[in-house]
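These notes concern the structure reproduced below.
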Ligand SMILES: [Zn+2]
Ligand SMILES: [Zn+2]
(Lines give C-alpha, C1' and ligand atoms only; values in the text may rest on other atoms or scores of the structure.)
(Ligands and ions follow the chains in the order given, each with its own letter.)
Protein backbone atom coordinates (compact mmCIF):
# COMPACT_ATOMS: atom_id res chain seq x y z
CA UNK A 1 0.00 0.00 0.00
CA UNK A 2 1.45 3.33 -1.00
CA UNK A 3 1.22 6.07 1.58
CA UNK A 4 0.55 9.59 0.45
CA UNK A 5 3.22 11.95 1.69
CA UNK A 6 1.90 15.13 3.21
CA UNK A 7 4.40 17.58 4.64
CA UNK A 8 3.16 20.76 6.25
CA UNK A 9 -0.20 20.05 4.68
CA UNK A 10 1.27 19.83 1.19
CA UNK A 11 1.16 16.50 -0.70
CA UNK A 12 4.67 15.67 -1.76
CA UNK A 13 6.12 13.18 -4.20
CA UNK A 14 9.54 12.55 -5.67
CA UNK A 15 12.31 12.74 -3.10
CA UNK A 16 12.42 10.13 -0.36
CA UNK A 17 11.97 11.06 3.29
CA UNK A 18 12.55 9.18 6.52
CA UNK A 19 13.66 9.32 10.14
CA UNK A 20 17.34 8.42 10.60
CA UNK A 21 17.45 8.48 14.40
CA UNK A 22 14.88 6.52 16.41
CA UNK A 23 15.20 4.44 19.60
CA UNK A 24 13.24 1.41 20.73
CA UNK A 25 12.56 -0.86 23.68
CA UNK A 26 14.49 -4.11 23.37
CA UNK A 27 15.84 -6.67 25.80
CA UNK A 28 18.16 -9.58 25.37
CA UNK A 29 20.02 -11.17 28.27
CA UNK A 30 21.61 -8.35 30.20
CA UNK A 31 21.21 -5.85 27.39
CA UNK A 32 18.31 -3.46 27.72
CA UNK A 33 17.72 -0.43 25.53
CA UNK A 34 16.20 2.83 26.75
CA UNK A 35 13.29 3.44 24.38
CA UNK A 36 9.63 2.79 25.23
CA UNK A 37 8.35 1.31 21.95
CA UNK A 38 9.35 -2.16 20.65
CA UNK A 39 11.01 -2.45 17.21
CA UNK A 40 7.94 -4.01 15.51
CA UNK A 41 5.72 -1.15 16.66
CA UNK A 42 8.28 1.39 15.41
CA UNK A 43 7.92 -0.13 11.94
CA UNK A 44 4.12 0.12 12.13
CA UNK A 45 4.33 3.77 13.26
CA UNK A 46 6.87 4.58 10.60
CA UNK A 47 4.63 3.30 7.79
CA UNK A 48 2.31 6.23 8.44
CA UNK A 49 4.68 8.86 9.67
CA UNK A 50 8.06 8.61 8.01
CA UNK A 51 7.06 7.32 4.58
CA UNK A 52 10.21 5.95 2.97
CA UNK A 53 12.88 4.87 5.44
CA UNK A 54 13.49 4.27 9.13
CA UNK A 55 16.66 3.68 11.14
CA UNK A 56 16.48 2.29 14.68
CA UNK A 57 19.66 3.30 16.45
CA UNK A 58 19.65 1.98 19.95
CA UNK A 59 22.62 2.54 22.19
CA UNK A 60 25.56 0.27 21.40
CA UNK A 61 23.47 -2.55 19.95
CA UNK A 62 22.42 -3.40 16.40
CA UNK A 63 19.92 -6.05 17.60
CA UNK A 64 16.81 -3.82 17.44
CA UNK A 65 17.58 -2.68 13.89
CA UNK A 66 17.88 -6.30 12.78
CA UNK A 67 14.61 -7.21 14.47
CA UNK A 68 12.82 -4.24 12.85
CA UNK A 69 14.24 -5.13 9.44
CA UNK A 70 13.07 -8.75 9.79
CA UNK A 71 9.61 -7.64 10.92
CA UNK A 72 9.23 -5.41 7.86
CA UNK A 73 10.39 -8.23 5.60
CA UNK A 74 8.15 -10.93 7.11
CA UNK A 75 5.07 -8.69 6.85
CA UNK A 76 5.84 -7.50 3.33
CA UNK A 77 6.33 -3.88 4.49
CA UNK A 78 9.79 -3.83 2.97
CA UNK A 79 8.16 -2.79 -0.33
CA UNK A 80 6.77 0.33 1.35
CA UNK A 81 9.56 1.27 3.69
CA UNK A 82 13.32 0.77 3.85
CA UNK A 83 14.14 -0.34 7.39
CA UNK A 84 17.90 0.06 7.68
CA UNK A 85 19.92 -2.91 8.84
CA UNK A 86 22.87 -2.81 11.24
CA UNK A 87 22.35 0.51 13.00
CA UNK A 88 23.33 1.67 16.48
CA UNK A 89 24.24 4.83 18.38
CA UNK A 90 27.75 4.12 19.61
CA UNK A 91 29.11 5.67 22.81
CA UNK A 92 32.69 6.81 22.65
CA UNK A 93 34.97 8.49 25.17
CA UNK A 94 36.92 11.64 24.47
CA UNK A 95 39.07 14.00 26.44
CA UNK A 96 37.38 17.37 26.72
CA UNK A 97 39.18 20.65 26.09
CA UNK A 98 39.78 20.75 29.85
CA UNK A 99 41.29 17.27 29.90
CA UNK A 100 38.28 15.56 31.44
CA UNK A 101 36.81 12.34 30.06
CA UNK A 102 33.46 12.82 28.43
CA UNK A 103 31.07 10.68 26.41
CA UNK A 104 30.18 11.23 22.80
CA UNK A 105 27.62 9.62 20.50
CA UNK A 106 28.25 8.43 16.96
CA UNK A 107 25.52 7.06 14.70
CA UNK A 108 26.49 3.92 12.79
CA UNK A 109 24.50 2.75 9.76
CA UNK A 110 24.98 -0.57 7.97
CA UNK A 111 27.46 -2.21 10.36
CA UNK A 112 27.68 -5.98 10.69
CA UNK A 113 28.57 -6.33 14.37
CA UNK A 114 28.43 -4.38 17.62
CA UNK A 115 31.31 -2.00 18.31
CA UNK A 116 32.79 -1.91 21.79
CA UNK A 117 31.77 1.28 23.52
CA UNK A 118 34.20 3.58 25.29
CA UNK A 119 36.69 3.73 22.39
CA UNK A 120 37.85 7.18 21.28
CA UNK A 121 35.61 8.77 18.64
CA UNK A 122 38.11 8.34 15.80
CA UNK A 123 38.45 4.61 16.56
CA UNK A 124 34.68 4.19 16.50
CA UNK A 125 34.61 5.86 13.07
CA UNK A 126 37.41 3.55 11.89
CA UNK A 127 35.58 0.46 13.18
CA UNK A 128 32.39 1.54 11.38
CA UNK A 129 34.28 2.03 8.10
CA UNK A 130 36.08 -1.31 8.40
CA UNK A 131 32.63 -2.93 8.44
CA UNK A 132 31.70 -0.88 5.36
CA UNK A 133 29.21 1.09 7.41
CA UNK A 134 28.57 4.84 7.53
CA UNK A 135 29.48 7.11 10.45
CA UNK A 136 27.42 10.15 11.35
CA UNK A 137 28.12 12.62 14.16
CA UNK A 138 25.03 12.66 16.44
CA UNK A 139 23.92 16.08 17.78
CA UNK A 140 27.62 17.04 17.46
CA UNK A 141 27.65 20.40 19.23
CA UNK A 142 25.22 19.53 21.99
CA UNK A 143 27.01 18.71 25.22
CA UNK A 144 24.00 17.69 27.28
CA UNK A 145 22.92 15.17 24.63
CA UNK A 146 26.50 13.80 24.50
CA UNK A 147 27.67 15.20 21.20
CA UNK A 148 31.36 14.65 20.50
CA UNK A 149 31.90 18.42 20.72
CA UNK A 150 33.26 20.85 18.16
CA UNK A 151 36.94 19.97 18.65
CA UNK A 152 36.54 16.23 18.04
CA UNK A 153 33.92 16.81 15.34
CA UNK A 154 36.33 19.00 13.36
CA UNK A 155 39.35 16.76 14.01
CA UNK A 156 37.51 13.83 12.43
CA UNK A 157 36.17 15.97 9.56
CA UNK A 158 39.68 17.18 8.69
CA UNK A 159 41.65 13.98 9.44
CA UNK A 160 44.16 12.90 6.82
CA UNK A 161 43.65 9.26 7.74
CA UNK A 162 41.60 7.79 4.86
CA UNK A 163 39.54 5.68 7.29
CA UNK A 164 38.53 8.67 9.39
CA UNK A 165 35.90 11.14 8.22
CA UNK A 166 32.19 11.72 8.59
CA UNK A 167 29.71 10.20 6.14
CA UNK A 168 27.08 12.44 7.63
CA UNK A 169 26.47 15.21 10.13
CA UNK A 170 23.26 15.32 12.12
CA UNK A 171 22.32 18.95 11.64
CA UNK A 172 18.98 18.77 13.37
CA UNK A 173 18.33 16.47 16.32
CA UNK A 174 14.77 16.39 17.66
CA UNK A 175 15.63 16.31 21.36
CA UNK A 176 18.20 19.10 21.26
CA UNK A 177 16.48 22.18 22.59
CA UNK A 178 17.18 24.95 24.96
CA UNK A 179 13.92 26.31 26.21
CA UNK A 180 15.49 28.83 28.55
CA UNK A 181 17.02 30.99 25.86
CA UNK A 182 15.21 34.14 24.78
CA UNK A 183 14.08 33.93 21.19
CA UNK A 184 16.60 36.42 19.85
CA UNK A 185 19.48 34.38 21.31
CA UNK A 186 18.05 31.02 20.33
CA UNK A 187 19.21 31.16 16.76
CA UNK A 188 22.81 31.79 17.79
CA UNK A 189 23.07 29.52 20.81
CA UNK A 190 20.97 26.47 19.99
CA UNK A 191 23.29 23.52 19.15
CA UNK A 192 21.20 22.58 16.09
CA UNK A 193 21.34 26.10 14.69
CA UNK A 194 25.07 26.33 15.37
CA UNK A 195 25.68 23.00 13.66
CA UNK A 196 23.69 23.92 10.54
CA UNK A 197 25.56 27.21 10.27
CA UNK A 198 28.95 25.53 10.63
CA UNK A 199 27.97 22.93 8.04
CA UNK A 200 26.75 25.56 5.61
CA UNK A 201 29.92 27.62 6.02
CA UNK A 202 32.37 24.78 5.39
CA UNK A 203 30.48 22.26 3.28
CA UNK A 204 32.09 23.29 -0.01
CA UNK A 205 35.62 23.36 1.45
CA UNK A 206 37.25 20.04 0.48
CA UNK A 207 39.33 20.06 3.66
CA UNK A 208 36.16 19.37 5.68
CA UNK A 209 34.58 15.97 5.20
CA UNK A 210 31.21 16.39 6.89
CA UNK A 211 29.30 13.95 4.67
CA UNK A 212 25.61 14.51 4.08
CA UNK A 213 23.41 16.64 6.29
CA UNK A 214 20.88 14.57 8.21
CA UNK A 215 18.03 15.13 10.63
CA UNK A 216 16.38 12.69 13.03
CA UNK A 217 13.83 12.79 15.80
CA UNK A 218 16.04 10.89 18.33
CA UNK A 219 12.72 9.85 19.74
CA UNK A 220 12.62 7.43 22.69
CA UNK A 221 8.89 7.54 23.42
CA UNK A 222 6.61 7.26 20.40
CA UNK A 223 6.88 10.48 18.45
CA UNK A 224 8.63 9.06 15.39
CA UNK A 225 9.04 11.27 12.35
CA UNK A 226 9.10 14.73 13.94
CA UNK A 227 12.35 15.44 12.14
CA UNK A 228 13.02 13.85 8.77
CA UNK A 229 15.83 13.66 6.25
CA UNK A 230 15.04 14.11 2.59
CA UNK A 231 17.20 12.33 0.00
CA UNK A 232 16.96 12.34 -3.80
CA UNK A 233 14.47 10.10 -5.59
CA UNK A 234 15.75 6.67 -6.61
CA UNK A 235 18.47 6.48 -3.95
CA UNK A 236 18.66 4.23 -0.93
CA UNK A 237 19.99 5.83 2.25
CA UNK A 238 23.29 4.01 1.79
CA UNK A 239 23.51 5.37 -1.79
CA UNK A 240 23.00 8.86 -0.39
CA UNK A 241 25.90 8.40 2.06
CA UNK A 242 28.17 6.84 -0.53
CA UNK A 243 27.47 9.41 -3.22
CA UNK A 244 27.43 12.37 -0.83
CA UNK A 245 23.98 13.25 -2.10
CA UNK A 246 22.41 16.63 -1.51
CA UNK A 247 19.92 16.24 1.30
CA UNK A 248 17.63 18.40 3.35
CA UNK A 249 16.02 18.37 6.76
CA UNK A 250 12.27 18.44 7.16
CA UNK A 251 10.63 19.38 10.44
CA UNK A 252 7.06 18.14 10.74
CA UNK A 253 5.94 19.52 14.06
CA UNK A 254 4.57 16.72 16.22
CA UNK A 255 3.71 16.58 19.87
CA UNK A 256 3.28 19.77 21.89
CA UNK A 257 2.88 21.99 18.87
CA UNK A 258 1.03 24.67 20.80
CA UNK A 259 3.45 25.33 23.61
CA UNK A 260 5.53 28.49 23.62
CA UNK A 261 8.63 26.34 23.45
CA UNK A 262 7.52 24.63 20.30
CA UNK A 263 6.70 27.94 18.65
CA UNK A 264 10.41 28.64 19.00
CA UNK A 265 11.24 25.32 17.39
CA UNK A 266 8.75 25.93 14.60
CA UNK A 267 10.30 29.29 13.98
CA UNK A 268 13.72 27.75 13.92
CA UNK A 269 12.48 25.03 11.61
CA UNK A 270 11.24 27.68 9.23
CA UNK A 271 14.73 29.07 9.09
CA UNK A 272 16.16 25.62 8.73
CA UNK A 273 14.02 24.94 5.73
CA UNK A 274 15.10 28.21 4.19
CA UNK A 275 18.72 27.33 4.91
CA UNK A 276 18.23 23.83 3.60
CA UNK A 277 16.61 25.07 0.42
CA UNK A 278 20.00 25.95 -0.95
CA UNK A 279 20.97 22.29 -0.74
CA UNK A 280 18.17 20.98 -2.93
CA UNK A 281 15.64 22.62 -5.18
CA UNK A 282 13.03 20.07 -4.18
CA UNK A 283 12.37 21.74 -0.88
CA UNK A 284 10.68 24.67 -2.49
CA UNK A 285 7.47 22.69 -2.52
CA UNK A 286 7.61 22.57 1.26
CA UNK A 287 7.86 26.30 1.51
CA UNK A 288 4.92 27.21 -0.67
ZN1 LIG B 1 22.69 10.62 21.45
ZN1 LIG C 1 19.79 8.90 20.17
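Let's see how each residue does on (1) more than 23 Å from residue 42 (Cα to Cα); (2) touching a strand residue (DSSP E or B) at 6+ places or on another chain (Cβ under 6 Å); (3) part of a loop (DSSP other than H, G, I, E, B); (4) at pLDDT 85 or above:
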site	(1), (2), (3), (4)
222	no, no, yes, no
234	yes, no, yes, yes
246	yes, no, yes, no
249	no, yes, no, no
261	yes, no, no, no
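Scanning segment 24-37 for residues that are away from ligand 1 (no atom under 16 Å from the Cβ) and surrounded by 19 or more Cβ atoms within 10 Å (Cβ to Cβ) yields a total of 2.
A Cβ distance below 6 Å, combined with a sequence gap of six or more or placement on separate chains, defines the contacts here; from segment 126-147, residues that are closer than 15 Å to residue 198 by Cβ and within 16 Å of ligand 1 (Cβ to nearest atom) reach residues that are at pLDDT 95 or above and in a helix (DSSP H, G or I) in the pairs 137/153; 140/153.
Which helices (runs of 4 or more DSSP H) sit wholly inside segment 147-202 and have at least 3 residues that are farther than 19 Å from residue 105 by Cα and at pLDDT below 90?
It comes to 183-189, 191-202.
Taken over segment 47-66, the criterion of being away from ligand 2 (no atom under 16 Å from the Cβ), closer than 16 Å to residue 224 by Cβ and assigned to a helix (DSSP H, G or I) is satisfied by 47, 48, 49. Scanning segment 75-95 for residues that are closer than 15 Å to residue 146 by Cα and either away from ligand 2 (no atom under 16 Å from the Cβ) or in a helix (DSSP H, G or I) (or both) gives 93, 94, 95.
For segment 7-42, which residues satisfy the criterion of being in contact with a strand residue (DSSP E or B) (Cβ under 7 Å, 6 or more places away or on another chain), modelled with pLDDT under 85 and in a loop (DSSP other than H, G, I, E, B)? If the condition is that a residue be in contact with a strand residue (DSSP E or B) (Cβ under 7 Å, 6 or more places away or on another chain), modelled with pLDDT under 85 and in a loop (DSSP other than H, G, I, E, B), then 13, 15 are the ones that fit.
One line per residue, one yes/no per condition, for (1) away from ligand 2 (no atom under 16 Å from the Cβ); (2) modelled with pLDDT under 95; (3) under 18 Å from residue 33 (Cα atoms):
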residue: 73; (1), (2), (3): yes, no, no
residue: 97; (1), (2), (3): yes, yes, no
residue: 113; (1), (2), (3): yes, no, yes
residue: 119; (1), (2), (3): yes, yes, no
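Report yes if some residue within segment 91-98 is under 15 Å from residue 218 (Cα atoms), within 16 Å of ligand 1 (Cβ to nearest atom), touching a residue at least 24 places away in the same chain (Cβ under 8 Å) and in contact with a helix residue (DSSP H, G or I) (Cβ under 6 Å, 6 or more places away or on another chain); otherwise report no. No, segment 91-98 contains no residue that is under 15 Å from residue 218 (Cα atoms), within 16 Å of ligand 1 (Cβ to nearest atom), touching a residue at least 24 places away in the same chain (Cβ under 8 Å) and in contact with a helix residue (DSSP H, G or I) (Cβ under 6 Å, 6 or more places away or on another chain). On inspection, residue 113 qualifies as assigned to a loop (DSSP other than H, G, I, E, B) and either at negative phi or more than 12 Å from ligand 1 (Cβ to nearest atom) (or both).
The values are calculated or read from the model by the stated rules, or taken from the named source; none is laboratory data. As the structure is a prediction and not an experimental result, all values here were calculated from the model. We place every Cβ from the backbone using ideal geometry, glycine too, and count neighbours over all the protein chains shown.
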